[in-house]
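The values are calculated or read from the model by the stated rules, or taken from the named source; none is laboratory data. Note that this is a predicted model, so its numbers are computed, not measured. Here the Cβ positions follow ideal geometry from the backbone for every residue, glycine too, while neighbour counts run over all protein chains shown. The protein model used for the area step is the full one, side chains on, heavy atoms only, and it has no ligands, DNA or RNA in it. Shrake-Rupley method; radii C 1.70, N 1.55, O 1.52, S 1.80 Å.
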Amino acid sequence: MELNNKGLENRSTWLEKGYTLPQYNRDEVAAKTKENPYWIHFGSGNIFRAFQANVVENLLNSKTLDRGLIVAEGYDYEIIEKINQPHDDYSILATLKADGTVAKTVVGSITESLTLDSDNTTDFNRLKEIFQKDSLQIASFTITEKGYSLVDGKGQLLSLVESDMKNGPIKPESYIGKIASLLYTRFCSGQKPIAFVSMDNCSHNGTKLYEAIHAFAKEWSEKGLVENNFVDYVNTPEKVSFPWSMIDKITPRPDSSVEELLTKDGIEGLQPLVTSKHTYVAPFVNAEECEYLVIEDTFPNGRPNLESGGVMFTDRATVDKVEKMKVCTCLNPLHTALAVFGCLLDYDLISKELQNKTLKKLVEGIGYEEGLPVVVDPSIINPKEFIDTVLNTRIPNPFMPDTPQRIATDTSQKLAIRFGETIKAYHACETLDTKDLKLIPLVFAGWLRYLMAIDDNGNPFTLSPDPLLDELCPYVANIKLGDSVNVADTLKPILSNESIFGVNLYDMNLASLVCDYFSEMITGIGAVHKALERYV
(Lines give C-alpha, C1' and ligand atoms only; values in the text may rest on other atoms or scores of the structure.)
Protein backbone atom coordinates (compact mmCIF):
# COMPACT_ATOMS: atom_id res chain seq x y z
CA MET A 1 0.00 0.00 0.00
CA GLU A 2 1.41 3.32 -1.10
CA LEU A 3 -0.08 6.78 -0.59
CA ASN A 4 -0.26 7.97 -4.20
CA ASN A 5 -2.45 7.65 -7.29
CA LYS A 6 -1.19 4.20 -8.16
CA GLY A 7 -1.35 2.85 -4.62
CA LEU A 8 -4.93 4.02 -4.18
CA GLU A 9 -6.14 2.21 -7.29
CA ASN A 10 -6.64 -0.87 -5.11
CA ARG A 11 -9.43 0.71 -3.06
CA SER A 12 -10.65 -2.52 -1.53
CA THR A 13 -7.41 -3.06 0.37
CA TRP A 14 -7.62 0.40 1.94
CA LEU A 15 -11.30 -0.01 2.77
CA GLU A 16 -10.65 -3.37 4.43
CA LYS A 17 -8.10 -1.66 6.68
CA GLY A 18 -10.73 0.85 7.80
CA TYR A 19 -9.75 3.91 5.76
CA THR A 20 -12.26 6.46 4.49
CA LEU A 21 -11.38 7.18 0.85
CA PRO A 22 -12.31 10.00 -1.54
CA GLN A 23 -15.78 9.40 -2.96
CA TYR A 24 -15.41 11.60 -6.02
CA ASN A 25 -13.58 11.48 -9.32
CA ARG A 26 -10.35 13.18 -8.33
CA ASP A 27 -9.14 13.67 -11.91
CA GLU A 28 -12.31 15.56 -12.75
CA VAL A 29 -12.09 17.64 -9.58
CA ALA A 30 -8.42 18.44 -10.28
CA ALA A 31 -9.19 19.52 -13.84
CA LYS A 32 -12.02 21.82 -12.72
CA THR A 33 -9.85 23.25 -9.94
CA LYS A 34 -6.99 23.96 -12.30
CA GLU A 35 -9.24 25.75 -14.79
CA ASN A 36 -11.38 27.68 -12.29
CA PRO A 37 -9.67 27.81 -8.88
CA TYR A 38 -11.71 29.36 -6.09
CA TRP A 39 -9.48 28.85 -3.03
CA ILE A 40 -5.72 28.96 -2.64
CA HIS A 41 -4.15 28.44 0.75
CA PHE A 42 -0.68 29.57 1.85
CA GLY A 43 1.02 27.41 4.46
CA SER A 44 1.06 23.65 3.98
CA GLY A 45 1.36 22.82 7.66
CA ASN A 46 -0.40 20.35 9.93
CA ILE A 47 -3.36 22.57 10.83
CA PHE A 48 -4.25 23.14 7.18
CA ARG A 49 -3.94 19.49 6.23
CA ALA A 50 -5.95 18.36 9.26
CA PHE A 51 -8.65 21.02 9.18
CA GLN A 52 -9.32 23.10 6.08
CA ALA A 53 -8.32 20.35 3.64
CA ASN A 54 -10.56 17.87 5.47
CA VAL A 55 -13.51 20.29 5.46
CA VAL A 56 -13.23 20.48 1.67
CA GLU A 57 -12.74 16.69 1.50
CA ASN A 58 -16.06 16.14 3.25
CA LEU A 59 -17.82 18.67 1.02
CA LEU A 60 -16.42 16.98 -2.10
CA ASN A 61 -17.64 13.63 -0.82
CA SER A 62 -21.13 15.04 -0.25
CA LYS A 63 -21.10 16.69 -3.71
CA THR A 64 -21.53 20.11 -2.06
CA LEU A 65 -18.34 21.20 -3.84
CA ASP A 66 -16.98 20.12 -7.20
CA ARG A 67 -13.52 21.70 -6.94
CA GLY A 68 -10.65 21.20 -4.53
CA LEU A 69 -7.89 23.26 -2.97
CA ILE A 70 -4.58 24.61 -4.19
CA VAL A 71 -1.85 24.99 -1.59
CA ALA A 72 1.34 27.05 -1.76
CA GLU A 73 4.20 26.85 0.72
CA GLY A 74 6.38 29.93 1.15
CA TYR A 75 8.56 29.10 4.14
CA ASP A 76 9.80 25.56 3.60
CA TYR A 77 9.73 24.40 -0.02
CA GLU A 78 10.81 20.88 0.95
CA ILE A 79 7.30 20.22 2.31
CA ILE A 80 5.98 20.48 -1.24
CA GLU A 81 8.92 18.76 -2.90
CA LYS A 82 9.34 15.85 -0.46
CA ILE A 83 5.86 15.32 1.02
CA ASN A 84 3.11 16.70 -1.21
CA GLN A 85 4.37 15.89 -4.67
CA PRO A 86 5.77 12.37 -4.09
CA HIS A 87 2.37 11.41 -2.68
CA ASP A 88 0.38 13.11 -5.47
CA ASP A 89 -0.89 15.62 -2.90
CA TYR A 90 -2.69 12.96 -0.86
CA SER A 91 -2.31 12.87 2.90
CA ILE A 92 -3.70 10.74 5.71
CA LEU A 93 -5.59 12.32 8.58
CA ALA A 94 -5.55 10.28 11.79
CA THR A 95 -8.29 11.68 14.02
CA LEU A 96 -7.43 10.79 17.60
CA LYS A 97 -10.66 10.44 19.53
CA ALA A 98 -11.07 10.74 23.27
CA ASP A 99 -12.51 7.23 23.49
CA GLY A 100 -9.19 5.80 22.31
CA THR A 101 -10.22 5.05 18.73
CA VAL A 102 -8.57 6.42 15.58
CA ALA A 103 -10.46 7.46 12.45
CA LYS A 104 -8.27 7.10 9.35
CA THR A 105 -9.05 9.30 6.34
CA VAL A 106 -7.25 9.61 3.03
CA VAL A 107 -7.60 13.28 2.09
CA GLY A 108 -7.44 14.06 -1.62
CA SER A 109 -8.94 17.56 -1.69
CA ILE A 110 -5.57 19.21 -2.35
CA THR A 111 -5.27 18.90 -6.13
CA GLU A 112 -2.26 21.13 -6.75
CA SER A 113 0.73 22.18 -4.64
CA LEU A 114 3.21 24.92 -5.43
CA THR A 115 6.20 26.65 -3.90
CA LEU A 116 5.86 30.36 -3.25
CA ASP A 117 9.29 30.88 -4.76
CA SER A 118 9.96 33.74 -7.15
CA ASP A 119 13.09 31.91 -8.33
CA ASN A 120 10.92 28.98 -9.42
CA THR A 121 9.62 30.49 -12.65
CA THR A 122 7.16 27.68 -13.34
CA ASP A 123 5.50 27.80 -9.94
CA PHE A 124 5.47 31.58 -9.62
CA ASN A 125 3.99 32.03 -13.09
CA ARG A 126 1.32 29.48 -12.20
CA LEU A 127 0.54 31.45 -9.04
CA LYS A 128 0.19 34.60 -11.13
CA GLU A 129 -2.13 32.74 -13.47
CA ILE A 130 -4.27 31.65 -10.50
CA PHE A 131 -4.48 35.21 -9.19
CA GLN A 132 -5.71 36.46 -12.55
CA LYS A 133 -8.65 34.03 -12.58
CA ASP A 134 -12.13 35.53 -12.23
CA SER A 135 -13.14 32.45 -10.22
CA LEU A 136 -10.68 33.01 -7.36
CA GLN A 137 -12.59 33.92 -4.20
CA ILE A 138 -10.27 33.15 -1.28
CA ALA A 139 -6.58 33.36 -0.49
CA SER A 140 -6.17 32.00 3.04
CA PHE A 141 -3.16 31.78 5.32
CA THR A 142 -1.74 29.72 8.16
CA ILE A 143 1.79 31.09 8.27
CA THR A 144 1.96 31.76 12.07
CA GLU A 145 1.62 35.20 13.66
CA LYS A 146 5.33 35.80 13.08
CA GLY A 147 4.77 35.40 9.34
CA TYR A 148 2.97 38.75 9.12
CA SER A 149 5.77 40.71 10.76
CA LEU A 150 7.92 42.90 8.53
CA VAL A 151 10.39 43.87 11.27
CA ASP A 152 12.93 42.19 13.52
CA GLY A 153 13.00 42.21 17.31
CA LYS A 154 14.45 45.72 17.30
CA GLY A 155 11.71 47.11 15.07
CA GLN A 156 13.95 47.35 12.01
CA LEU A 157 12.67 46.22 8.61
CA LEU A 158 13.80 42.71 7.75
CA SER A 159 16.46 42.82 5.04
CA LEU A 160 14.36 40.96 2.45
CA VAL A 161 11.37 43.20 3.19
CA GLU A 162 13.48 46.32 2.83
CA SER A 163 14.86 45.05 -0.47
CA ASP A 164 11.40 44.19 -1.80
CA MET A 165 10.00 47.57 -0.83
CA LYS A 166 12.84 49.20 -2.73
CA ASN A 167 12.68 47.01 -5.82
CA GLY A 168 8.93 46.57 -6.33
CA PRO A 169 6.65 43.64 -7.20
CA ILE A 170 8.51 42.10 -10.14
CA LYS A 171 10.64 39.50 -8.32
CA PRO A 172 10.14 39.78 -4.56
CA GLU A 173 11.94 37.56 -2.04
CA SER A 174 10.16 38.13 1.28
CA TYR A 175 7.04 36.12 2.11
CA ILE A 176 4.61 39.04 2.34
CA GLY A 177 6.36 40.76 -0.56
CA LYS A 178 5.51 37.78 -2.76
CA ILE A 179 1.90 37.78 -1.56
CA ALA A 180 1.62 41.53 -2.23
CA SER A 181 3.07 40.94 -5.68
CA LEU A 182 0.42 38.31 -6.43
CA LEU A 183 -2.30 40.69 -5.26
CA TYR A 184 -0.83 43.32 -7.56
CA THR A 185 -1.12 40.81 -10.41
CA ARG A 186 -4.83 40.49 -9.62
CA PHE A 187 -5.14 44.27 -9.50
CA CYS A 188 -3.54 44.56 -12.94
CA SER A 189 -5.93 41.99 -14.38
CA GLY A 190 -8.92 44.23 -13.74
CA GLN A 191 -8.96 44.99 -10.01
CA LYS A 192 -10.76 41.71 -9.42
CA PRO A 193 -12.20 41.13 -5.95
CA ILE A 194 -10.82 38.63 -3.44
CA ALA A 195 -10.89 37.81 0.28
CA PHE A 196 -7.52 37.54 2.04
CA VAL A 197 -8.34 35.35 5.04
CA SER A 198 -5.81 34.84 7.80
CA MET A 199 -6.66 31.64 9.66
CA ASP A 200 -3.77 31.84 12.08
CA ASN A 201 -4.35 31.45 15.80
CA CYS A 202 -3.87 35.07 16.81
CA SER A 203 -6.22 37.91 17.72
CA HIS A 204 -7.37 40.27 14.97
CA ASN A 205 -5.46 38.21 12.43
CA GLY A 206 -7.09 39.87 9.42
CA THR A 207 -5.82 43.25 10.55
CA LYS A 208 -2.29 41.89 10.88
CA LEU A 209 -2.45 40.62 7.29
CA TYR A 210 -3.94 43.88 6.03
CA GLU A 211 -1.25 45.99 7.70
CA ALA A 212 1.51 43.90 6.16
CA ILE A 213 0.03 44.01 2.64
CA HIS A 214 -0.84 47.70 2.93
CA ALA A 215 2.73 48.55 3.96
CA PHE A 216 4.01 47.10 0.68
CA ALA A 217 1.30 48.76 -1.42
CA LYS A 218 2.01 52.13 0.18
CA GLU A 219 5.79 51.92 -0.25
CA TRP A 220 5.55 50.74 -3.85
CA SER A 221 3.05 53.46 -4.68
CA GLU A 222 5.10 56.24 -3.08
CA LYS A 223 8.17 55.08 -4.98
CA GLY A 224 6.27 54.99 -8.27
CA LEU A 225 6.76 51.23 -8.62
CA VAL A 226 3.00 50.59 -8.94
CA GLU A 227 -0.03 52.66 -9.86
CA ASN A 228 -1.28 54.96 -7.11
CA ASN A 229 -4.70 53.34 -7.07
CA PHE A 230 -3.22 49.98 -6.02
CA VAL A 231 -3.36 51.37 -2.48
CA ASP A 232 -7.01 52.29 -2.99
CA TYR A 233 -7.66 48.72 -4.20
CA VAL A 234 -6.11 47.26 -1.05
CA ASN A 235 -8.08 49.73 1.09
CA THR A 236 -11.46 48.99 -0.49
CA PRO A 237 -13.25 46.10 1.27
CA GLU A 238 -15.54 45.65 -1.74
CA LYS A 239 -12.40 44.76 -3.69
CA VAL A 240 -10.05 43.20 -1.14
CA SER A 241 -11.30 42.11 2.26
CA PHE A 242 -9.27 41.00 5.26
CA PRO A 243 -11.75 39.11 7.48
CA TRP A 244 -10.98 38.24 11.07
CA SER A 245 -11.20 34.58 12.05
CA MET A 246 -10.88 32.31 15.08
CA ILE A 247 -9.48 28.82 14.63
CA ASP A 248 -9.16 26.12 17.26
CA LYS A 249 -7.96 22.56 16.67
CA ILE A 250 -5.05 20.78 18.31
CA THR A 251 -2.77 19.26 15.67
CA PRO A 252 0.43 18.02 17.31
CA ARG A 253 3.41 17.10 15.19
CA PRO A 254 3.19 13.63 13.58
CA ASP A 255 3.44 11.08 16.38
CA SER A 256 5.45 7.87 16.24
CA SER A 257 2.56 5.84 17.65
CA VAL A 258 0.37 6.95 14.75
CA GLU A 259 3.11 6.15 12.27
CA GLU A 260 3.37 2.68 13.80
CA LEU A 261 -0.40 2.18 13.57
CA LEU A 262 -0.52 3.15 9.89
CA THR A 263 2.58 1.14 9.04
CA LYS A 264 1.03 -1.98 10.61
CA ASP A 265 -1.81 -1.53 8.12
CA GLY A 266 0.77 -2.10 5.40
CA ILE A 267 1.28 1.46 4.17
CA GLU A 268 4.81 2.12 2.97
CA GLY A 269 6.81 5.34 2.91
CA LEU A 270 5.24 7.14 5.86
CA GLN A 271 8.47 8.03 7.63
CA PRO A 272 8.54 11.64 8.87
CA LEU A 273 11.38 13.84 7.75
CA VAL A 274 13.11 16.85 9.19
CA THR A 275 13.77 19.44 6.50
CA SER A 276 16.84 21.64 6.26
CA LYS A 277 14.71 24.34 7.93
CA HIS A 278 14.00 21.93 10.81
CA THR A 279 10.35 21.37 9.92
CA TYR A 280 9.12 18.01 11.20
CA VAL A 281 6.65 16.74 8.61
CA ALA A 282 5.16 13.46 7.44
CA PRO A 283 2.70 12.16 4.81
CA PHE A 284 0.15 11.89 7.65
CA VAL A 285 -1.19 14.30 10.24
CA ASN A 286 -2.72 13.49 13.61
CA ALA A 287 -5.27 15.73 15.27
CA GLU A 288 -8.06 15.88 17.80
CA GLU A 289 -11.64 15.47 16.64
CA CYS A 290 -12.91 18.80 17.98
CA GLU A 291 -12.54 21.84 15.74
CA TYR A 292 -13.82 25.41 15.43
CA LEU A 293 -13.41 27.89 12.59
CA VAL A 294 -15.34 31.16 12.82
CA ILE A 295 -14.88 33.69 10.01
CA GLU A 296 -16.07 37.24 9.46
CA ASP A 297 -18.42 37.01 6.49
CA THR A 298 -16.88 39.54 4.09
CA PHE A 299 -16.13 37.91 0.74
CA PRO A 300 -16.29 40.42 -2.13
CA ASN A 301 -16.12 37.73 -4.83
CA GLY A 302 -18.53 35.37 -3.07
CA ARG A 303 -17.55 32.19 -1.27
CA PRO A 304 -18.27 28.45 -1.30
CA ASN A 305 -20.80 26.83 1.02
CA LEU A 306 -18.40 25.98 3.83
CA GLU A 307 -21.17 26.12 6.45
CA SER A 308 -22.09 22.61 5.42
CA GLY A 309 -18.60 21.60 6.52
CA GLY A 310 -18.99 23.13 9.97
CA VAL A 311 -17.38 26.54 9.34
CA MET A 312 -19.25 29.38 11.05
CA PHE A 313 -19.69 32.77 9.39
CA THR A 314 -20.63 35.89 11.30
CA ASP A 315 -19.71 39.57 11.79
CA ARG A 316 -16.39 40.94 13.04
CA ALA A 317 -17.65 41.76 16.53
CA THR A 318 -18.78 38.18 17.03
CA VAL A 319 -15.46 36.76 15.85
CA ASP A 320 -13.80 38.98 18.43
CA LYS A 321 -16.16 37.71 21.14
CA VAL A 322 -15.43 34.08 20.23
CA GLU A 323 -11.71 34.80 20.46
CA LYS A 324 -12.10 36.46 23.87
CA MET A 325 -14.31 33.63 25.11
CA LYS A 326 -11.65 31.08 24.22
CA VAL A 327 -8.55 32.99 25.27
CA CYS A 328 -9.85 34.73 28.40
CA THR A 329 -12.19 32.14 29.90
CA CYS A 330 -12.97 28.81 28.32
CA LEU A 331 -9.71 27.24 27.16
CA ASN A 332 -6.45 29.10 27.55
CA PRO A 333 -6.72 29.92 31.30
CA LEU A 334 -7.43 26.26 32.03
CA HIS A 335 -4.42 25.21 29.96
CA THR A 336 -2.14 27.63 31.82
CA ALA A 337 -3.36 26.47 35.23
CA LEU A 338 -2.64 22.86 34.30
CA ALA A 339 0.72 23.80 32.80
CA VAL A 340 1.95 25.52 35.96
CA PHE A 341 0.88 22.81 38.38
CA GLY A 342 1.74 20.05 35.92
CA CYS A 343 5.37 21.17 35.96
CA LEU A 344 5.43 21.41 39.76
CA LEU A 345 3.80 18.00 40.22
CA ASP A 346 5.94 16.22 37.61
CA TYR A 347 3.31 15.46 34.98
CA ASP A 348 4.52 14.75 31.46
CA LEU A 349 1.12 15.01 29.72
CA ILE A 350 -1.71 17.50 30.18
CA SER A 351 -4.23 14.70 29.61
CA LYS A 352 -2.96 12.81 32.68
CA GLU A 353 -3.57 15.81 34.92
CA LEU A 354 -7.34 15.52 34.61
CA GLN A 355 -7.09 12.09 36.21
CA ASN A 356 -6.11 14.03 39.36
CA LYS A 357 -9.44 14.93 41.00
CA THR A 358 -8.02 18.04 42.63
CA LEU A 359 -6.56 19.45 39.41
CA LYS A 360 -9.78 18.64 37.58
CA LYS A 361 -11.76 20.48 40.25
CA LEU A 362 -9.33 23.41 40.00
CA VAL A 363 -9.89 24.01 36.29
CA GLU A 364 -13.63 23.36 36.62
CA GLY A 365 -13.72 26.10 39.25
CA ILE A 366 -11.67 28.52 37.16
CA GLY A 367 -13.89 27.95 34.15
CA TYR A 368 -17.41 27.43 35.49
CA GLU A 369 -17.34 29.32 38.79
CA GLU A 370 -14.92 32.21 38.28
CA GLY A 371 -14.94 32.60 34.51
CA LEU A 372 -18.50 32.07 33.31
CA PRO A 373 -20.06 34.91 35.38
CA VAL A 374 -18.11 37.44 33.29
CA VAL A 375 -17.54 35.50 30.06
CA VAL A 376 -17.89 37.31 26.76
CA ASP A 377 -20.79 35.36 25.21
CA PRO A 378 -20.55 35.30 21.39
CA SER A 379 -23.99 33.63 21.06
CA ILE A 380 -22.94 31.39 18.14
CA ILE A 381 -20.93 29.15 20.51
CA ASN A 382 -22.25 28.43 23.98
CA PRO A 383 -19.46 29.14 26.50
CA LYS A 384 -20.56 26.49 29.00
CA GLU A 385 -20.78 23.84 26.29
CA PHE A 386 -17.33 24.93 25.06
CA ILE A 387 -15.88 24.37 28.56
CA ASP A 388 -17.75 21.06 28.80
CA THR A 389 -16.01 19.91 25.62
CA VAL A 390 -12.62 21.19 26.77
CA LEU A 391 -12.76 19.41 30.13
CA ASN A 392 -14.60 16.24 29.16
CA THR A 393 -13.28 15.55 25.67
CA ARG A 394 -10.34 17.65 24.57
CA ILE A 395 -7.89 17.89 27.46
CA PRO A 396 -8.47 14.32 28.76
CA ASN A 397 -7.81 12.86 25.29
CA PRO A 398 -4.98 10.35 25.94
CA PHE A 399 -3.83 10.62 22.34
CA MET A 400 -3.00 14.31 22.62
CA PRO A 401 0.75 14.38 23.33
CA ASP A 402 0.63 17.90 24.77
CA THR A 403 2.89 18.57 27.74
CA PRO A 404 2.61 21.06 30.59
CA GLN A 405 6.18 22.06 29.82
CA ARG A 406 5.24 23.18 26.29
CA ILE A 407 2.17 25.07 27.43
CA ALA A 408 4.16 26.76 30.22
CA THR A 409 6.28 28.50 27.58
CA ASP A 410 6.01 32.32 27.77
CA THR A 411 3.57 32.24 30.69
CA SER A 412 4.56 35.78 31.71
CA GLN A 413 3.23 36.97 28.35
CA LYS A 414 -0.09 35.16 28.75
CA LEU A 415 -1.33 35.93 32.26
CA ALA A 416 -2.67 39.41 31.47
CA ILE A 417 -5.00 38.10 28.77
CA ARG A 418 -5.82 34.68 30.21
CA PHE A 419 -6.63 35.91 33.73
CA GLY A 420 -6.31 39.70 33.84
CA GLU A 421 -9.41 40.27 31.73
CA THR A 422 -11.52 38.25 34.17
CA ILE A 423 -10.13 40.24 37.11
CA LYS A 424 -10.94 43.52 35.33
CA ALA A 425 -14.47 42.32 34.62
CA TYR A 426 -15.02 41.48 38.30
CA HIS A 427 -13.64 44.88 39.31
CA ALA A 428 -15.97 46.68 36.89
CA CYS A 429 -19.09 44.71 37.88
CA GLU A 430 -21.31 46.15 40.63
CA THR A 431 -22.57 42.73 41.67
CA LEU A 432 -19.19 40.99 41.80
CA ASP A 433 -16.07 41.51 43.89
CA THR A 434 -12.47 40.55 43.09
CA LYS A 435 -12.26 39.17 46.64
CA ASP A 436 -14.58 36.39 45.43
CA LEU A 437 -11.74 35.11 43.22
CA LYS A 438 -9.92 32.32 45.05
CA LEU A 439 -8.60 30.01 42.33
CA ILE A 440 -7.07 32.50 39.89
CA PRO A 441 -4.85 33.86 42.72
CA LEU A 442 -3.94 30.23 43.48
CA VAL A 443 -2.66 29.87 39.90
CA PHE A 444 -0.63 33.07 40.28
CA ALA A 445 0.93 31.72 43.48
CA GLY A 446 1.63 28.44 41.71
CA TRP A 447 3.36 30.28 38.88
CA LEU A 448 5.58 32.21 41.31
CA ARG A 449 6.39 28.91 43.03
CA TYR A 450 7.14 27.46 39.56
CA LEU A 451 9.69 30.26 38.98
CA MET A 452 11.79 28.76 41.78
CA ALA A 453 12.49 25.85 39.38
CA ILE A 454 12.08 23.33 42.21
CA ASP A 455 9.26 20.79 41.92
CA ASP A 456 7.01 19.68 44.76
CA ASN A 457 9.38 16.81 45.54
CA GLY A 458 12.22 19.24 46.07
CA ASN A 459 13.98 18.40 42.80
CA PRO A 460 15.26 21.04 40.35
CA PHE A 461 13.69 21.20 36.88
CA THR A 462 14.23 23.29 33.76
CA LEU A 463 11.87 26.21 33.30
CA SER A 464 10.19 26.56 29.93
CA PRO A 465 11.41 29.44 27.74
CA ASP A 466 10.03 32.84 28.76
CA PRO A 467 11.40 36.31 27.93
CA LEU A 468 11.05 37.50 31.55
CA LEU A 469 12.86 34.66 33.31
CA ASP A 470 16.04 36.69 33.75
CA GLU A 471 14.04 39.51 35.29
CA LEU A 472 11.69 37.49 37.51
CA CYS A 473 13.64 34.48 38.72
CA PRO A 474 16.10 36.47 40.87
CA TYR A 475 13.22 37.53 43.16
CA VAL A 476 12.65 33.91 44.23
CA ALA A 477 16.04 32.36 43.42
CA ASN A 478 17.32 32.35 47.02
CA ILE A 479 14.17 30.95 48.60
CA LYS A 480 14.57 27.40 49.88
CA LEU A 481 11.74 25.08 50.84
CA GLY A 482 11.08 25.50 54.53
CA ASP A 483 12.57 29.00 54.69
CA SER A 484 10.90 31.75 56.68
CA VAL A 485 10.54 34.54 54.13
CA ASN A 486 8.99 38.00 54.09
CA VAL A 487 6.86 37.02 51.14
CA ALA A 488 5.02 40.34 50.83
CA ASP A 489 8.23 42.32 50.35
CA THR A 490 9.81 39.68 48.15
CA LEU A 491 6.91 39.42 45.71
CA LYS A 492 5.72 43.05 45.65
CA PRO A 493 7.72 44.07 42.53
CA ILE A 494 6.09 41.21 40.61
CA LEU A 495 2.54 41.45 42.00
CA SER A 496 2.37 45.18 41.27
CA ASN A 497 3.51 44.73 37.67
CA GLU A 498 0.50 45.53 35.46
CA SER A 499 2.30 44.39 32.31
CA ILE A 500 2.39 40.84 33.70
CA PHE A 501 -1.09 40.48 35.19
CA GLY A 502 -2.95 43.15 33.23
CA VAL A 503 -3.68 44.82 36.57
CA ASN A 504 -1.87 45.81 39.75
CA LEU A 505 -2.88 42.96 42.06
CA TYR A 506 -2.67 45.31 45.06
CA ASP A 507 -5.28 47.59 43.51
CA MET A 508 -7.48 44.52 42.93
CA ASN A 509 -7.18 43.36 46.58
CA LEU A 510 -5.64 40.07 45.45
CA ALA A 511 -1.95 40.46 46.29
CA SER A 512 -2.20 39.41 49.94
CA LEU A 513 -4.07 36.23 49.00
CA VAL A 514 -1.41 35.34 46.44
CA CYS A 515 1.24 35.88 49.12
CA ASP A 516 -0.63 33.67 51.58
CA TYR A 517 -0.91 30.87 49.04
CA PHE A 518 2.75 31.19 48.07
CA SER A 519 3.83 31.10 51.71
CA GLU A 520 2.09 27.76 52.13
CA MET A 521 3.58 26.37 48.93
CA ILE A 522 7.17 26.89 50.14
CA THR A 523 6.81 25.28 53.57
CA GLY A 524 8.40 22.04 52.40
CA ILE A 525 8.21 19.01 50.15
CA GLY A 526 4.63 18.26 49.12
CA ALA A 527 3.43 21.74 50.10
CA VAL A 528 2.04 22.53 46.63
CA HIS A 529 -0.06 19.38 46.67
CA LYS A 530 -1.29 20.17 50.18
CA ALA A 531 -2.23 23.74 49.21
CA LEU A 532 -4.21 22.48 46.24
CA GLU A 533 -6.00 19.93 48.40
CA ARG A 534 -6.80 22.58 50.98
CA TYR A 535 -8.04 25.41 48.75
CA VAL A 536 -9.56 23.58 45.80
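Can you work out which of the residues in region 188-224 that are over 19 Å from GLY302 (Cα atoms) and aliphatic (A, V, I, L, M) is surrounded by the fewest Cβ atoms within 10 Å (Cβ to Cβ)? By that ranking, first place goes to ALA215. Selection of region 97-113 for residues being in a strand (DSSP E or B) and in contact with an Asp or Glu (Cβ under 6 Å, 6 or more places away or on another chain) yields VAL107, ILE110, SER113.
Does any residue of region 223-243 turn out to be at negative phi, small (Gly, Ala, Ser) and modelled with pLDDT under 95?
The answer is no, given that none of the residues of region 223-243 is at negative phi, small (Gly, Ala, Ser) and modelled with pLDDT under 95.
Which members of region 129-161 meet the condition of being within 22 Å of ASN36 (Cβ to Cβ) and buried (at least 16 other Cβ atoms within 10 Å of the Cβ)?
Of the residues in region 129-161, the ones within 22 Å of ASN36 (Cβ to Cβ) are 129-141.
Result: ILE130, PHE131, LYS133, SER135, LEU136, GLN137, ILE138, ALA139, SER140, PHE141.
Candidates VAL258, VAL274: the one that is over 30 Å from ILE417 (Cβ atoms), of a type in the set (A, V, I, L, M, F, W, C), surrounded by fewer than 22 Cβ atoms within 10 Å (Cβ to Cβ) and under 26 Å from the mean Cα position of the chain (by Cα) is VAL274. Scanning region 327-350 for residues that are open to solvent by less than 10 Å² (accessible area, probe 1.4 Å), at pLDDT below 95 and over 20 Å from ASP436 (Cβ atoms) yields one hit, ILE350.
Which of the helices (runs of 4 or more DSSP H) found entirely inside region 416-508 contain at least 2 residues meeting this: open to solvent by less than 20 Å² (accessible area, probe 1.4 Å) and of a type outside the set (Phe, Trp, Tyr)?
421-428, 439-450, 469-476, 487-495
Of everything in region 12-57 that is small (Gly, Ala, Ser) and outside any loop (DSSP other than H, G, I, E, B), the residue that is farthest from PRO193 (Cα to Cα) is SER12. Counting residues in region 60-78 that are within 22 Å of the chain's Cα centre (by Cα), of a type in the set (Asp, Glu), assigned to a loop (DSSP other than H, G, I, E, B) and surrounded by fewer than 22 Cβ atoms within 10 Å (Cβ to Cβ) gives one or more. Within the bounds of region 202-219, is there any residue that is closer than 22 Å to LEU157 by Cα and among the basic types (Lys, Arg)? Yes. Residues considered: THR314, THR298, THR318, THR263. Of these, the only one that is in contact with a Leu (Cβ under 7 Å, 6 or more places away or on another chain), of a type outside the set (Asp, Glu), open to solvent by 10 Å² or more (accessible area, probe 1.4 Å) and more than 25 Å from GLU73 (Cβ to Cβ) is THR263.
The set of residues from region 432-450 being over 14 Å from THR336 (Cβ atoms) and of a type outside the set (D, E, K, R) comprises LEU432, THR434, LEU437. All of GLU364, GLU353, GLU385 fail the test of being out of contact with any Ser or Thr (no Cβ under 8 Å at 6 or more places or on another chain), surrounded by fewer than 16 Cβ atoms within 10 Å (Cβ to Cβ), at pLDDT 95 or above and charged (D, E, K, R), apart from GLU385. Remark: pairs (first residue in region 378-406, in contact (Cβ under 8 Å) with a residue 12 or more places away in the chain; second residue open to solvent by 70 Å² or more (accessible area, probe 1.4 Å); Cβ separation under 7 Å; 6+ apart in sequence or on different chains) = PRO378/LYS321; PRO383/ASP377; THR403/ASP348. Within region 1-37, restricting attention to residues that are hydrophobic (A, V, I, L, M, F, W, C) and touching a residue at least 60 places away in the same chain (Cβ under 8 Å), the residue that is farthest from ARG67 (Cα to Cα) is MET1.
Contact map, region 162-187: residues that are in contact (Cβ under 8 Å) with a residue 40 or more places away in the chain and open to solvent by 20 Å² or more (accessible area, probe 1.4 Å) paired with residues that are among the basic types (Lys, Arg) and not in a helix (DSSP H, G or I), Cβ distance under 9 Å, separation 6+ or inter-chain. Pairs shown: LYS166/LYS223. Scanning region 79-98 turns up no residue that is open to solvent by 20 Å² or more (accessible area, probe 1.4 Å) and in contact with a Lys or Arg (Cβ under 7 Å, 6 or more places away or on another chain).
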